[in-house]
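Report on one structure; see the data block that follows.
Just so you know, all these numbers are worked out from the coordinates, no wet-lab data involved. Note that the structure is predicted; figures quoted are calculated from it, not measured. All Cβ positions, even for glycine, are placed from backbone atoms using ideal geometry, and neighbour counts span all protein chains on display.
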């Protein structure tokens, strides 16, 4: 709202609310539209934005959780391979080798 109407209009809405006006009345007096009209305008502005960005922002936590799960599984597989190679070297069969460190 501030980017569209400016800081003064946001403060004006808050002053009307502090003075006891209802939310609808405060919006109508300050920016000449109701909160629902402002929301409709905001949603129509969002429709013009890139859908992939909207999707990513909506499912950010799920995407991050999925990536963390994949990294965890990959780390577990690497650890199990190293453990198996280490156990084979300890048994003296010469079949396994530890991957080089660093």
- Message: If I model a spin label as a point 7 Å beyond the Cα along the Cα-Cβ vector, how far apart are those points for residue 52 and residue 70 in nm?
- Response: 1.5
- the stretch 30-78: percent of C-alpha pairs farther apart than 18 Å? 57
- Message: At a 10 Å Cβ-Cβ cut-off, how would you order 72, 34, fewest neighbours first?
- Response: 72, 34
- Item | Cα extents of the stretch 50-94 along the three principal axes, largest first (Å) | 59, 14, 5
- Query: Rounded, prolate or oblate: which one fits the stretch 1-48, using the alpha carbon gyration tensor with axes a ≥ b ≥ c (rounded when a/c is under 1.5, else prolate when a/b beats b/c, else oblate)?
  - Reply: oblate
